[in-house]
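Where a number appears in this text, it was derived from the coordinates with a stated rule and is not lab data. This is a predicted model, so every value here is computed, not measured.
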Amino acid sequence: MLLRMSSSELQETDYSRVQTIPSWSGFNALQRCVVPPQSSVGYLPCIQSSPTELSTVYSLLMKTMEICTKLEQEEIVVVLDQAIYSKALQIVWKESQRFNKVILRLGAFHTTCVMLGVIGKRFRRCWPERCTH
């Protein structure tokens, strides 16, 4: 930032000609030796069954391992809601060798719900009129 000239110091026509230090993104791109390939994002196929059945969650984990192997990744992160997360944990704990590359995470909404529940339990008996702290 100290090396870059602010646009207020330059006229608009002179800015691109005089400016020699790139912006932050440009600087990072110049420092990088290898340009990463373009990513493609898409949806996985739908599984037409109850998401809380163990067989469905097992299929999901098997598909995840297949994707991990195909992409040659060391590990893969799977973010789930609370009901599916608990079933997936049961399966991963039971078959830890098969699913050793899977990292399970609870989704942000359910993580927040758990945190709020903990706060609620902690301060449940501490209303202003009854608080002894």
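Structure values in brief
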quantity	calculated
The range 55-66 - phi-based ³J(HN,Hα) in whole Hz, Karplus 6.51/-1.76/1.60, Gly and Pro as x	5, 5, 5, 4, 4, 4, 5, 5, 5, 4, 5, 4
Shape category assigned to the range 41-94 from the gyration tensor of Cα positions, a/c cut at 1.5	oblate
Karplus-derived HN-Hα couplings along the range 84-90 (A = 6.51, B = -1.76, C = 1.60, θ = phi - 60°), whole Hz, x at Gly and Pro	6, 4, 5, 5, 5, 4, 4
Derived scalar couplings ³J(HN,Hα) [the range 106-123; Karplus, 6.51 cos²θ - 1.76 cosθ + 1.60; whole Hz; x for Gly, Pro]	7, x, 4, 4, 6, 4, 5, 4, 5, 4, 5, x, 5, 4, x, 5, 5, 10
